[in-house]
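Mind looking over this structure? Questions follow.
The values are calculated or read from the model by the stated rules, or taken from the named source; none is laboratory data. For clarity, every value in this text was computed on a predicted model and none was experimentally measured. Cβ placement follows ideal geometry from the backbone for every residue including glycine, while neighbour counts extend to all protein chains displayed. All accessible areas refer to the heavy atoms of the entire protein, side chains included, with ligands and DNA or RNA removed. Shrake-Rupley method; radii C 1.70, N 1.55, O 1.52, S 1.80 Å.
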Amino acid sequence: MPLGAVYEVSKEWTLGPELCDMWTASDVLCCTASILHLVAIALDRFWAVTNVDYIHQRSPQRVGGMIAVIWVVSFLISAAPMMGWKDPEWHERLRNKMCIISQDVGYQIFATITSFYLPLAVILVLYWRVYQAARKRIRRKIGTNAQSALCRGPVTISETTTFTRMSSQPSPEKTSNGSTLNGHPVDGSREDSTSGVAAVASQVVPRHMRRREFESRKERKAAKTLGIITGAFVMCWLPFFILAVLMPLCTVSCHFNPYLIATFLWLGYFNSTLNPIIYTVFSPEFRNAFKRILCGRKRAFQRQSSRFSSVRFTRS
């Protein structure tokens with residue numbers, strides 16, 4: 001990005017062909033690695049949702065292996081132009097003080113598919129599966145809670161009715177309002193038991209409805225989070241990669257504004273700014289991990305300990 005900023009300001013490349021090769025290769029390397037890390041995060045979430053035992057299988061060695069694969073694949077994609085996969089006009093452009101990635105049609109199709117279009121398809125499919133699995137789990141939980149509430153409801157009502165009848169039995173001398181009728185007590189327990197049934201039923205149903213509303217709100221929040229993550233990724237990178245395919249295919253009849261090219265490139269860079277913000281806002285795990293990285297394990301542990309002690313003191 002610093003070399004890219006210098007190139008944008010000066011409007012010409014004066015740093016030589018070797019540094020141009022290194023700059024374009026590192027640009028493709030870092031952007032591809034950033035996108036593939038999003039694929040790895042989506043895979044991790046998918047396995048965590050669909051496989052109950054995955055949390056025990058997610059060892060540091062496995063995570064390190066995934067990160068190593070990401071960087072190896074990114075390096076192979078970015079190093080191809082340095083190994084000779086360049087278009088014939090590359091040296092002519094460099095003599096005109098213009099430094100851009102190889103515009104060979106075959107390389108651009110290979111690079112855009114492996115760097116963006118295939119990862120985008122994988123991310124969309126995985127997050128859709130994650131959303132479906134979470135939705136199914138939440139609805140199954142709602143059904144279980146509803147069934148248990150229905151099973152508990154009659155027992156509670158019956159117990160309340162029995163208790164009401166036993167406690168409200170009038171004496172032979174008095175009725176429920178303290179009077180007698182022809183020497184026989186007026187049975188007021190039926191009215192009391194009916195009111196007890198209505199009271200218990202009015203408590204069971206709203207509680208179940210509140211739980212259902214809470215679960216629906218959780219489901220909407222999960223969908224919103226996945227939508228924000230995927231939408232930010234698509235909006236930031238899709239314009240650049242559409243332009244990356246069009247530029248080598250339409251070289252004669254098409255004119256691409258340099259400001260448009262720069263805007264789309266830096267919009268893709270901006271996605272790397274958004275990712276830590278989005279993931280730390282919507283994921284407590286990422287937030288705690290960033291705290292441990294930036295503040296140190298000891299300080300993060302002290303915060304958690306003080307928070308736990310304050311909660312325990314408040315409860316006691």
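Looking only at region 26-80, count every residue that is of a type outside the set (Ser, Thr, Tyr), in contact (Cβ under 8 Å) with a residue 60 or more places away in the chain and closer than 19 Å to VAL130 by Cβ and tell me the total.
10
Kindly indicate which of ALA121, ALA111 is out of contact with any Asp or Glu (no Cβ under 9 Å at 6 or more places or on another chain) and closer than 30 Å to VAL9 by Cβ.
Just a single option satisfies the conditions, and that option is ALA111.
Right, another one. Can you tell me how many residues within region 228-278 are aliphatic (A, V, I, L, M) and not in a helix (DSSP H, G or I)?
Number satisfying all stated conditions: 1.
Looking at (1) under 25 Å from ILE55 (Cα atoms); (2) open to solvent by 80 Å² or more (accessible area, probe 1.4 Å), which is the one condition that is false for SER283?
Going through (1) under 25 Å from ILE55 (Cα atoms); (2) open to solvent by 80 Å² or more (accessible area, probe 1.4 Å) one by one, SER283 breaks only (2).
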